[in-house]
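Q: Dumping the structure here so I can ask a few things about it.
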């Protein structure tokens with residue numbers, strides 16, 4: 001399974017389909033599997049990148065307090081998410 005080194009952790013991700021990139025960002029506590037119904041639909045026409053947030057699923061769980069800023073900037077630092085053009089992002093609401 002693919003992982004990318006992002007700052008202080010190994011981040012698990014999936015990268016499927018081709019075309020304009022779409023990054024799926026799940027709210028805290030959810031992993032890439034929460035996008036299970038949307039991923040194949042988007043992948044039919046787009047490159048889809050979905051990942052497990054820090055502390056969730058197959059991504060590392062550093063023993064430090066997580067901040068909103070930390071959670072928001074981690075996807076931006078993921079070199080795997082880089083593309084020749086800016087991706088469209090779909091974000092699940094972060095409760096709280």
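Readers should treat all values here as calculations from the given coordinates under stated rules, not as data from a laboratory. These figures come from a predicted structure and were not determined experimentally. Quick reminder, even Gly has a Cβ in these numbers, built from the backbone with ideal geometry, and neighbours come from all protein chains shown.
Q: If residue 56 passes every condition in (1) over 14 Å from residue 91 (Cα atoms); (2) crowded, with 16+ Cβ neighbours inside 10 Å; (3) touching a residue at least 60 places away in the same chain (Cβ under 8 Å) but one, which one does it miss?
A: Here residue 56 meets the rest and fails (3).
Q: Related question: Within segment 13-31, does at least one residue satisfy the condition of being over 14 Å from residue 90 (Cβ atoms) and buried (at least 20 other Cβ atoms within 10 Å of the Cβ)?
A: Yes, there is a match, as at least one residue in segment 13-31 is over 14 Å from residue 90 (Cβ atoms) and buried (at least 20 other Cβ atoms within 10 Å of the Cβ).
Q: Given (1) without any contact (Cβ under 8 Å) to a residue 60 or more places away in the chain; (2) over 15 Å from residue 89 (Cα atoms); (3) surrounded by fewer than 16 Cβ atoms within 10 Å (Cβ to Cβ), where does residue 73 come up short, assuming only one miss?
A: Condition (2) is where residue 73 drops out.
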